[in-house]
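Shown next, in C-alpha cells, is the structure this report addresses.
The values are calculated or read from the model by the stated rules, or taken from the named source; none is laboratory data. Computed from a predicted model, the values in this text were never measured in an experiment. Glycine also receives a Cβ, built like all others from the backbone with ideal geometry; neighbour counts cover every protein chain displayed.
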Amino acid sequence: MNAVEVNGIAKSFGSVRAVDDVSFSVHGGELLGLLGPNGAGKTTSIRVLLDIFKPDQGSVAVLGGPMTDEKKNRIGYMPEERGLYQDLSVERCLVYLATLKGLSSADARQRVVKYLKQFDLYDHKDKKVKELSKGMQQKAQLINTIAHAPELIIIDEPFAALDPLNTQMVKDLMQDLSKQGAAIILCTHQMHHAEELCDRIVLIDHGRVVLQGELDQIRRSYAGNAVLVRVAGELPAVAGVLDAQQQNHSTRWTLREGTSPQEVLRSLLAAGAVVEQFEIALPSLEEVFIKVVGQSKEAVAEGRHV
Amino acid sequence: MSKLWLVAAQEYKRHVLNKSFIFAVLSVPLLLASTLGLGMLTERMRSGNRPFGYVDPSGWILPSVFESTNAGAQGELRLGVAKLGFQAFESEGAARAALDKGVIQAYFVLAADFVQSHRVDLVYLRPPSEGAMSQFWDFLRLARLAHEESSGDWPLSRALVERRVSEGDNVIVRSADGLRVYDKTTPLSFLLPLFIGLEFVILFISTAATLAQAFAEEKENRTIEIMATSVAPGQIVGGKVIAITAMGLTELSAWIALIAVIVGVVSRVVGWEWLSKVHMHPRTVATLILVAIPSYVLFAGLMVALGNSVADAQESQQVGGVLSLVFMLPIYAIQAMVEQSSGPLAVGLSLFPLTSLVSYCLLTGFSSVPLWQVSASVAILVLSAAGAVWLAAQAFRLGMLRYGQRVDWRELLGVSNRTRPSLPTERRQP
C-alpha cells in the first residue's frame with residue numbers, strides 16, 4: 001500500500017491555475033523528492049495532500065484513504081513557513097505540539113527530551129523559542145515534525161538555515177527514518193541534497209509534473225553521448241571524440257554521433273593506455289533540472305504543455 | 001483529552017499565567033479600593049477626627065443628649081465618616097483654650113437666650129467641613145428631641161424617632177413592575193447595573209482583544225499551518241474561544257471576589273453599611289445574563305474574524321479598539337439614554353446588537369424596559385451571534401495561510417470573485 005496516492009489533482013486560485021493534473025505516489029521506506037522552482041506548485045500540492053486545501057479535481061489517498069483527524073496523528077509536516085510559539089519555552093512548546101499529535105504528556109515529554117539531546121538542544125530547553133538562533137529553531141521544528149514517530153513525513157526545505165554539520169545530521173536522520181519504514185516527501189529546490197537523498201523525484205513546474213521517476217534512470221535518460229576517462233599518463237588521441245573537457249580529475253569526452261563508448265574503450269586499450277577510470281558521463285540532477293525547466297518555460301511561452 | 005480541550009488548556013495557561021493578566025485582575029479592584037480609600041481620606045482630612053466643643057450658657061442641651069452622643073450607643077450619629085464627639089465647656093475662655101491647644105477643631109456658643117433667639121456662634125481657626133457641620137446640626141436636633149421627650153408629650157418610641165432624626169428621611173420608591181427600588185439607605189443599588197455595564201465593557205475589551213490577538217499571533221508566528229495539520233479548524237477556533245471565555249470568567253470571578261472583600265472591609269471598618277445592602281432584582285439579573293451571553297459570543301466571533309482577517313497582531317488591536325468604541329456608544333449617550341429611556345435613541349441602541357448589552361446596563365438601572373424590547377434584543381443578538389460565528393469560521397478558513405496579508409470583507413461575505421486564499425509562499429515570477 002502506498003503511503004500517498006495523488007491522482008490528477010488540480011487547484012486554482014481565482015484565475016491562477018496553481019496545480020494542474022499532478023499525480024505521484026510514495027510508499028513506506030521511500031524518500032521522494034518533490035522538486036521545482038519557486039512558485040511551481042509544490043507547496044500547493046502538499047497543502048492539497050494534507051487536506052488544507054480541497055482540490056478542484058482529482059483525488060488524494062493518504063495512508064490508505066481520505067484524510068481523517070486520526071490520520072493527522074500519523075503525519076509529520078514541516079512547512080516552508082516555519083513557526084513555533086515564540087514566547088513558550090522550547091520544551092513546553094514541543095511537548096504541547098506533540099500532544100496535539102495524539103501522544104500522552106508523559107510520552108511526549110520523554111520523546112521530546114530524547115530528541116533535544118540528540119539535536120544538542122537539551123541545554124536550551126528552558127529558553128523561549130524566540131531566544132534560539134535560526135538554526136536552533138530549525139532543529140526544534142524538525143523535532144516537532146518527527147517526535148510522534150510519523151509514518152508519513154513531509155518536509156519543505158529542511159536544510160535552509162542549517163550549517164554543514166547540522167545539514168549532514170538531518171540527512172542522516174532522514175535516511176534512518178526512511179530505513180525504519182517512514183515514507184518521506186522532501187520538497188526542495190536544492191538539487192544536490194535531493195540527488196544525495198532521494199530514491200525517486202517528481203519535478204513540478206508551472207503547476208504540472210514535467211518529470212518523474214527513479215533518479216538513476218532519469219540521469220541516464222538525460223545523459224548525452226559522453227564518457228569520463230582517466231588514464232595513467234597522457235591521454236592518447238582516439239577516433240570518434242568530438243570534444244574534450246577537464247572535469248575534476250577526469251576528462252569528459254563528448255563523442256561523435258554514431259560512436260559508442262565501447263568503441264572508444266576498445267580504441268583506448270588498443271592504444272596501450274592504462275585505464276584508471278572509464279564511465280558513462282551522467283548529468284547531475286541540477287543539469288537535468290535546468291534542462292527540463294528550461295524546456296517547460298519554452299513550452300509555456302509557446303502556449304503548449306510539456 | 002480531546003484536542004479541543006488541549007488547545008483550550010494550553011491557550012488558557014498561556015494567557016492567564018503571565019504578568020499582564022495578574023495586573024488586569026488586580027486593576028479594577030485596586031481602582032475601586034483606591035477610589036474608596038481616597039474618598040475616605042478626603043473626608044477624614046476635611047472633617048478631622050478631633051471633637052467639637054460647645055458652650056451652653058442657656059442650659060438648653062440636656063446632659064442625657066451629651067452622654068448618649070459621646071457614648072456612641074443608641075443616639076450615635078451616623079453621618080459622615082468620622083463620628084465626632086462633643087465636648088461641653090463651662091465658659092468660652094475654656095473652649096478657646098482647648099481650640100488653641102488643638103484639642104477641639106471648633107466650638108459652638110449657644111446664646112443665653114437660645115430658646116427665643118436660636119442664635120449659635122461658631123468659633124474656629126480653620127473652617128470645619130460640611131460633614132462636621134451637619135453632625136452638629138444633628139446634635140442640636142437630638143437635643144431638641146430630648147426636650148420634647150422630657151415634656152412628656154411623646155407618642156413614639158425614642159429609638160425610632162432618634163433614628164429618623166439622625167438618619168433623616170427615607171422615602172422608598174418602587175417602579176410599578178417592582179424591578180427597581182430606590183432606597184436612600186442603599187443609594188448605589190440603582191447604579192449597580194451601570195457598574196456592571198462598565199465591568200462588562202472592561203471585560204469584553206480585554207478578553208476579546210486577547211482573542212483577536214491570539215489568532216493574529218498564530219498567523220504571525222507561522223504556527224497556524226502546523227496547527228491546521230494536527231487539529232481540525234473547528235477545534236482550533238473552539239479551543240481558543242473556550243480558553244479566552246474561561247480567562248474572562250476567571251477575571252470576572254476574581255473581580256467579584258476582590259470587590260466583595262473590599263466592600264466588606266470598608267462597610268465594617270468605616271461604617272458604610274449601605275455598601276453591603278446594595279442589591280439587584282433577580283429579573284434584572286436574568287435580563288442582563290440573557291443579553292450578555294449572546295453579546296459575548298457576538299463580540300468573540302467578530303474578534304476571531306478580525307484576528308484572522310488582519311495582517312498582524314498590532315492591526316488587530318487597532319481595529320478591535322474601534323469595535324470596542326461602538327460597544328461603548330451608549331455610555332457616551334448616557335444622559336439621553338437615562339432621560340428618555342423609551343425614546344428612539346435608547347430603544348435603537350438597545351436593539352442594535354453591538355450596543356445592546358451596555359444599553360440594558362444603563363436602562364435597567366434607570367427605567368423599566370418592556371418585555372417585547374428585551375425579547376426583540378435577545379432574538380437579534382442570538383441571530384447576530386450566529387452570524388458572527390459563521391463569519392469567524394469563514395475568516396479562519398480564508399485567512400489562516402495569508403501571512404502578512406488582509407482578507408477583504410467582500411471575500412468574507414462571499415461576494416467577491418476571489419474566494420480562495422492567495423499563495424504568499426509561492427510567488428510566481430513575472
**OP:** Mind checking which helices (runs of 4 or more DSSP H) fall wholly inside region A:80-158 and carry at least 2 residues that are buried (at least 20 other Cβ atoms within 10 Å of the Cβ), among the basic types (K, R) and at pLDDT below 95?
**Re:** none
**OP:** Specify which of the listed residues (A:S59, A:S12, A:S23) is more than 22 Å from A:M174 (Cα to Cα), within 14 Å of chain B (Cβ to nearest Cβ) and either of a type outside the set (G, A, S) or not in a loop (DSSP other than H, G, I, E, B) (or both).
**Re:** A:S12
Subject >> One residue from B:L354, B:L381 being assigned to a loop (DSSP other than H, G, I, E, B), closer than 27 Å to B:P233 by Cα, among the aliphatic types (A, V, I, L, M) and at pLDDT 85 or above >> reply: B:L354
**OP:** Give the number of residues within region A:43-56 that are under 15 Å from the mean Cα position of the chain (by Cα) and either more than 10 Å from chain B (Cβ to nearest Cβ) or modelled with pLDDT of 90 or more (or both).
**Re:** 2
Original post:
Looking at A:V275, A:V231, which is the one that is touching a strand residue (DSSP E or B) at 6+ places or on another chain (Cβ under 6 Å) and exposed (fewer than 13 other Cβ atoms within 10 Å of the Cβ)?
Top reply: A:V275
**OP:** Determine whether A:G76 is of a type outside the set (A, V, I, L, M) and either within 22 Å of B:W5 (Cα to Cα) or within 11 Å of chain B (Cβ to nearest Cβ) (or both).
**Re:** yes
**OP:** Determine if region B:328-337 includes at least one residue that is over 30 Å from B:A176 (Cβ atoms) and polar (S, T, N, Q).
**Re:** no
Subject >> Which numbered condition A:S296 misses (of (1) surrounded by 18 or more Cβ atoms within 10 Å (Cβ to Cβ); (2) over 30 Å from A:F13 (Cα atoms)) >> reply: (2)
Original post:
Of the residues A:R256, A:R230, which single one is charged (D, E, K, R) and either touching a Leu at 6+ places or on another chain (Cβ under 6 Å) or modelled with pLDDT under 90 (or both)?
Top reply: A:R256
**OP:** Kindly check whether there is at least one residue in region A:27-44 that is within 21 Å of B:V231 (Cβ to Cβ), of a type in the set (S, T, N, Q) and either in contact with a Pro (Cβ under 9 Å, 6 or more places away or on another chain) or part of a strand (DSSP E or B) (or both).
**Re:** yes
Original post:
Quick one: which of A:K128, A:K101 is more than 27 Å from A:H193 (Cβ to Cβ), within 14 Å of another protein chain (Cβ to nearest Cβ) and of a type outside the set (D, E)?
Top reply: A:K128
Original post:
Restricting to helices (runs of 4 or more DSSP H) lying wholly in region B:1-99: which have 1 or more residues that are loosely packed, with under 14 Cβ neighbours inside 10 Å, of a type in the set (V, I, T) and modelled with pLDDT under 85?
Top reply: B:19-47
**OP:** State the number of residues belonging to region B:283-311 that are outside any helix (DSSP H, G or I) and surrounded by 24 or more Cβ atoms within 10 Å (Cβ to Cβ).
**Re:** 1
